[in-house]
Every structure is written in C-alpha cells, then in structure tokens.
C-alpha cells in the first residue's frame, strides 16, 4: 500500500453537512478499494492564494490515506465529478524521506576596517 496526502477545496458556500457528506463518500471509496483513511483535517474557510473562477475563498480539507494507486485515481475522479470542489491535489508520500542534517553555521568573526576616528 502507498501513502498519499490529498487536499481538496470546496466552495465557500458549501455547508459543513455537505462537506461531511463528501468526506463520507470519499472514505467509502477508499475503503472499498482496500485502503484506509489515516487522518482527516478540516482547516475551514481560508482565502485562496489566487482567484479560482469566481471564488476568492474556500473550505480546505486534508486527507492522509494509505491505499493502492487505483483507489487514489478513483478518489481524484470523484473530485473531478463534484461541482462543489473547486481545486484538489493528491501527492504520493515517499517511503523513506531522508532527513537532511541541520548544518550549524560557523560563527566567523568578520574584521571590519577601523573608521577614520578610531585607533586600536
């Protein structure tokens, strides 16, 4: 099974009950495809970075999934079919994300030239 993160943005006029209904349908789609929903985060209404159609705001929802690729494709197909969803993105998470070590910047003493009135 592959892990995915999927975020979708619904119209700002979509009610909480409508979004909950969308989530229920999406979860059913994933579980019927032998996958599971690991986490659901509802971020609420936020301003879009740029205007999408006639919308400037949207309700954001993030899903973390573990499913086969076919189930993720089916989820995106359902996103496309839903008129209330204005944007979506699904990304595959790599198994091993290498940790990049934090490099400490060496504190170098930079010598500044003495100004005209200063003496050493």
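Quick notes on this one:
- Ordering 52, 91 by the number of other Cβ atoms within 10 Å of each residue's own Cβ, fewest first, gives 91, 52.
- Residue 73-residue 93 pseudo-label distance in nm [points 7 Å out on the Cα-to-Cβ vector]: 2.3
- Spin-label pair residue 17-residue 54: with each label point 7 Å from Cα along the Cα-Cβ axis, the two points sit 2.4 nm from one another.
- The residues 79, 4, when put in order of fewest to most other Cβ atoms within 10 Å, stand as 79, 4.
- Residue order, fewest to most surrounding Cβ atoms within 10 angstrom, among 65, 93: 93, 65
Since every read-out is calculated from the coordinates, none of them should be taken as a lab result. Computed from a prediction, not measured in an experiment: that's the story for all the values here. Glycine gets a Cβ as well: all are built from the backbone with ideal geometry, and neighbour counts include every protein chain shown.
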